[in-house]
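Here the structure comes first, spelled out in structure tokens, and everything after it is commentary.
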Amino acid sequence: MTSDEIIDLVEMVVLVAVLVAVGKLFQRSKASGRLGEWWNSKSRVEQWAWLVPLIAVVVLIPVINPPFLTTEPGTNFPITMFNCALYALVALGLNVVVGQAGLLDLGYVGFFAVGAYVAALFTSPDSQLSKIPYLWTLPLAMVVTMFFGVVLGTPTLRLRGDYLAIVTLGFGEIVRLLATLMPPLKGNVGFQDVGHPPGTKADGGALFANTNGTPWYMLTIGIILIVLLLVGNLERSRVGRAWVAIREDEDAAEMMGVPVFKFKLWAFAIGAAIGGLSGSLFAGQVSFVNNQKFDVPTSVLFLAAVVLGGSGNKVGVLLGGFVIAYIPFRFTALASYKYLIFGVALVVLMIFRPQGLLGARQRLLARGRQAYQRLIGRPEQLSSDSSLVAEKAGDSA
Amino acid sequence: MHHLITYLADAPWITFNTGAFSDQFWASTFDGLTYGSIYALVAMGYTLVYGVLQLINFAHSEVFIVGVYATVFALNAMGFGPSPVYPPMVVLIIDLLVAMVAAMIASGLTALILERVAYRPLRKRNAPRLVFLITAIGASFTIQYLIFVWRGGSNAEPATIMFVPDPVFEVFSTIIDSQQLTIFIAAIVLMVVTDQFINRTKFGRGIRAVAQDPDTATLMGVNKERVIMLTFVIGGVLAGAAALFYLMKVPQGASFNGGFVLGIKAFAAAVLGGIGNIRGALLGGLLLGVVSNYGVTLLGNSSWTDVVAFVVLVVVLMVRPTGLLGESLGKARV
Amino acid sequence: MSDTPEVEPEGGIVAELEHMTEAERAAHEAEVAEAVAPDREIAVEVGDTLLELRDVTMRFGGLVAMDSVSFSIKRGEILGLIGPNGAGKTTCFNAMTGVYRPTSGQVLLEDRPLGRAKRHQITHRGIARTFQNIRLFGEMTALENVVVGADARHQTSVVGALLRLPRHHREEREAIDRAMALLEFMGIADRAADKAKNLPYGYQRRLEIARALATEPKLLCLDEPAAGFNPAEKDELMGLIRKIRDDGYTVLLIEHDMRLVMGVTDRIVVLEFGKKIAEGLPAEIRDNPAVIAAYLGVPDEEDTDGAA
Ligand SMILES: Nc1ncnc2c1ncn2[C@@H]1O[C@H](COP(=O)(O)OP(=O)(O)OP(=O)(O)O)[C@@H](O)[C@H]1O
Ligand SMILES: [Mg+2]
């Protein structure tokens, strides 16, 4: 190992240790760690009062370019931050499927790829299709990937859960192969000059140039906030409850009147749509799409982001996405080991800390806080574990 | 949208080469059987582990690829390389057997370590199935990139040629060569031995007992942990044998992620035959080998074989999720 | 991770109950009962056949778990289903709730066959059940578990939930209110906020009943609800089951405890080795020689079967 590698390794370990410590702080519901309790005791309004400045800081990070966090001179910091935000969005989408509904989707990159190709086909001059404004490709990508999600999910979601894993794994690979084999998708040559949102800078250049990460980052953060809100709405509704019920005990859920297949398909389709959305954002920022970036390892990275952050926890998976994207940019000496690191991390996490950095904390009732208060005068016991934590002995039968 | 569809449909990106297909029908069949017997050997590993633990061992493809590397190194040490060497028949056979044993040991050990390090701690904790699957993915990834780092990149190892296939006899005016014959016969023999082992011996009875009902088996004095280890090792050993045959067919087959696609195909074969069913794995493997070879001939590009295999998997799951011969090693599960 | 905070409830309805006067408490209980009572149309009159099994046979390979079993349940009654271990009682529930499709024969609810209805559709049509081995959603709180049951009657679509349309708000409020009332009714409201997996055993059993009631069933099927209860708890449960019936539900009860069965049921059906061997009033069943033989005639039968 070179000294660069050692420095990077040490720094990375420090970073992860800090994250784990923060996660623990949040998780402790009794005695010492008051943070999580304090947070839960706040009303929604108060929570937002804290969140707004926090979000402001997050939005401005590429401009602030803080010293320890920066990835320069190696990689332009705003670009790094855009990638982090993009992975966070991907993780948020995959979390709907894996974390909330408990369906293992290993071909998520396939949906990401479909989204990217939608953006490319409808905006790049290399495509023979009629062009539409770039921003329209975002919803279009969602619709198209949702369609793919339904087509793939319909035959497979009725089957045993683990078959889904292998079928989606195959799907991811097929999308890549088709991109190679189908001439209209231009294989390795790809599509140049994928579109971007309108807007010019003071100097007349495009605001959303592919060298200018900040606006892309901010756009992505904006989208994340909207998606977060919508996914949160789902979580605290009969849909979110149905997902968790399916994850916990599919048969019991069905016998309590949950249309299991329908809600699994919804989870799959919503996840796919968010994946497609991320794909078209990616295509826009990189401004070039070919068949090289959508391989299975990327799918596994996406999964690692969800698991690392805390499968089932929206905030956790955002953090997981950030970390997974950030590490290779920041610790460049380790970049060639990144897949090895994340592979080992997956195994180690599953064995020692399956709930991830932050455990799942799902609230499943709209205005449930008031209900608990009215009924028994104290807040509910949040699920601080995730779908990935062991069942108690005897429950497994 | 309409525009997009006509655009994709107009492009002549898919052609059905029916002429080639009928010309090469028997050749593709025999070659398909050869590949199929390799799939079948690897499929055994999936099927056995699934039968006993209800776990898709995603890392089994890496157990296999470790065997491929072991074969390459063993053969290189014995003087085989990119250009064929022509040792006397007896020496050649011994060399190949030595390489096969090396691969079996390497793959078997990998499977064993995998079981001990990755899966056993989860079993102890009674972890949910999702956790097992994610661990399996992580382990598969870890082994791949250990190889990647060790070999300093993604390049495949230089070709290793074992022998040049000679024609042996002719059926339907199609030549069967010595390589096809070796692979097919050796694979079938190994599968039959395994089948007998599982069905006739005391160890095999233990495996079947645990597959059927782990709790009762434990009560009856079966050592479940030992059975699980044994299952992994058998799967690994068979994958090691498959590694040698694979390298015969694909002399440049040793690359860090070379096991991935083969793994998916072998799994598809196991599902096709009925996962948990040993004879099903054989049938599924052969069938999948033949069908995806037909696909290649028909579509005229070997890249399609993966697409065909995948489509076969999905269709089987839709039409008959318990596979052709039904799931058997374990009980029928609701 | 069972870090249940052992703090006393600080307020809320549950705590207030302690300080209420008799009259206030009665008024509150009436309110709860109002919320618990089902609110839906049932096609048959009280006393008419609500559910009927016609020659239902259930085979597993060579084993005949139910052999041409026929009986019917009248609206408003409590029917006991008894029989030695392995007699096919749970299988009977499974055939009624769509877990298995009968090998032959028919199950009719309100004179309409269940046919190929899916499990969740059967719940919709009005059969709800509990499980012999408790199957709660462990990571959800008690209240959330019951709300999942209540969701069965709701129509909010994914889009409605996504955009929080008015219907979502209304149904969410209704579901929570109903779930809270059911928890109080079952006497487990004080642990409403705890995860199901952290609840004591007795609470879990009663939570299962609350969850099943939340689906507003026409027929409630209880599979050994008193298993593992002490006599005092069993008495309490008997009272609850009667209250449930008085609220307008029909109850099918599997139970081994003869005192409980005899005390609470209106009529009893007896299975043995998958066959119906008797049917009648509790007093008749008690004196039926075939039933006595099934339970006592072969003295060690229950023990040997119990091990399976
Ligand atoms: N899925 C199945 N596959 C095979 N056999 C089954 C299955 N389900 C039940 N059986 C068998 O059917 C018979 C009846 O079982 P069932 O569970 O209905 O009995 P039970 O009356 O509920 O007994 P207990 O009082 O012990 O709960 C048993 O012999 C059981 O082993
Ligand atoms: Mg039973």
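The values are calculated or read from the model by the stated rules, or taken from the named source; none is laboratory data. All values derive from a computational prediction rather than experimental measurement. Cβ: placed from backbone, ideal geometry, glycine included. Neighbour counts: every protein chain shown. Calculation scope for accessible area: heavy atoms of the full protein, side chains included, ligands and nucleic acids excluded. Shrake-Rupley method; radii C 1.70, N 1.55, O 1.52, S 1.80 Å.
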Protein heavy-atom accessible area occluded, B/A pair - total, 1.4 Å probe, Å²:
4800 Å²
Spelling it out for B:D177: with amide H atoms placed in the peptide plane at 1.01 Å from N, the residues 5 or more places away or on another chain with amide H under 5 Å from its amide H are B:V168
Pull up all non-local amide H partners of C:I277: gap of 5 or more, or a different chain, and H-to-H distance under 5 Å with H placed in the peptide plane.
C:V270, C:L271, C:E272
Averaged over peptide C:188-197, how many Cβ atoms belonging to another chain are found within 10 Å of each residue's Cβ?
4
Summarise the accessible area of chain B (1.4 Å probe, protein heavy atoms) by the percent that is carbon and sulfur.
67 percent
Apply the Karplus parameterisation 6.51 cos²θ - 1.76 cosθ + 1.60, with θ equal to phi minus 60°, to every residue of the range C:212-223 and state each ³J(HN,Hα) to the nearest whole Hz, in sequence, with x for glycine and proline.
5, 5, 4, 7, 6, x, 7, 10, 9, 10, 10, 9
Compare each residue of the range A:246-268 in its chain alone against the assembly with all protein chains, and report those whose accessible area goes down by 20 Å² or more; 1.4 Å probe, heavy atoms.
A:E248, A:D249, A:D251, A:A252, A:E254, A:M255, A:M256, A:G257, A:P259, A:W266
Protein heavy-atom accessible area occluded, A/C pair - total, 1.4 Å probe, Å²
5100 Å²
What residues qualify as long-range amide H neighbours of C:T57, i.e. H under 5 Å apart, gap of 5 or more or another chain, H built at 1.01 Å from N?
C:S68, C:V69, C:T103, C:S104, C:G105
Considering only protein heavy atoms and a 1.4 Å probe, what is the carbon-and-sulfur percentage of the accessible area of the range C:1-144?
45 percent
With loop defined by DSSP as not H, G, I, E or B, and exposure as at most 11 other Cβ atoms within 10 Å, which is the longest segment of chain B clear of exposed chymotrypsin sites (Phe, Trp or Tyr not before Pro)?
B:173-334
Accessible area per residue in Å² at 1.4 Å probe, computed on the range C:21-142
45 Å²
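When the helices in the protein assembly as shown are scored as -39500 (n - 2.57) per DSSP H run of 4 or longer and the sum is shared across all residues, what 222 nm value do you end up with, to the nearest 500 deg cm²/dmol?
Values: 42 runs with 618 residues, N = 1039.
Helix contribution divided over all residues of the protein assembly as shown: -19500 deg cm²/dmol.
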Comparing each residue of the range A:151-165 in the complete protein assembly with the chain by itself (heavy atoms, probe 1.4 Å, ligands and nucleic acids ignored), those losing at least 20 Å² of accessible area are A:P155, A:L159, A:R160, A:D162, A:Y163
Shielding by partners for C:157-164, please: the mean number of other protein chain Cβ atoms within 10 Å of each residue's Cβ.
6
So what is the accessible area of the range A:136-201 per residue, in Å², with the probe set to 1.4 Å?
40 Å²
For the range C:137-216, what relative contact order do you get, as a whole percent, if you take Cα pairs closer than 8 Å and at least 6 residues apart?
53 percent
Would you work out which of B:G258, B:S154, B:G67 lies farthest towards the positive end of the dipole of chain B? Charges go on Cβ: Lys and Arg +1, Asp and Glu -1.
B:G67
If you count only protein heavy atoms with a 1.4 Å probe, what accessible area per residue comes out for chain B, rounded to a whole Å²?
41 Å²
Report the trypsin sites (Lys or Arg not before Pro) located in the range B:253-334 that are in a DSSP loop and have at most 16 other Cβ atoms inside 10 Å of their Cβ, or state none.
B:K331, B:R333
Are there residues in the range B:141-164 whose accessible area shrinks by at least 50 Å² when all protein chains are included rather than the chain by itself, and which are they (probe 1.4 Å, ligands and nucleic acids not counted)?
B:F141, B:T142, B:Y145, B:V149
At what distance in nm do the modelled label points of C:R101 and B:R120 sit from each other, each positioned 7 Å from its Cα along Cα→Cβ?
4.5 nm
How big is the C-alpha Rg of chain C next to the rule-of-thumb value 2.2 N^0.38 Å, as a ratio?
1.04
Within the accessible area of chain A, what % is carbon and sulfur when the probe is 1.4 Å and the other protein chains stay in place?
69 percent
Phi angles of the range A:292-308, converted by Karplus (6.51 cos²θ - 1.76 cosθ + 1.60, θ = phi - 60°) into ³J(HN,Hα) in whole Hz with x for Gly and Pro, give 8, 9, 10, 8, 4, x, 5, 4, 5, 4, 4, 4, 4, 4, 5, 5, 4
Here, trypsin sites (Lys or Arg not before Pro) of the range A:122-221 satisfying both criteria (DSSP loop; at most 11 other Cβ within 10 Å) are none
Here the relative contact order (percent) of chain A, from C-alpha pairs under 8 Å and at least 6 apart, is 27 percent
I'd like the Karplus ³J(HN,Hα) series for the range B:26-38: coefficients 6.51, -1.76, 1.60, θ = phi - 60°, whole numbers in Hz, and an x wherever there's a Gly or Pro.
6, 4, 5, 4, 5, 5, x, 5, 4, 4, x, 5, 5
Out of all DSSP beta bridges in the protein assembly as shown, what portion is antiparallel? Express it as a percent rounded to 5.
65 percent
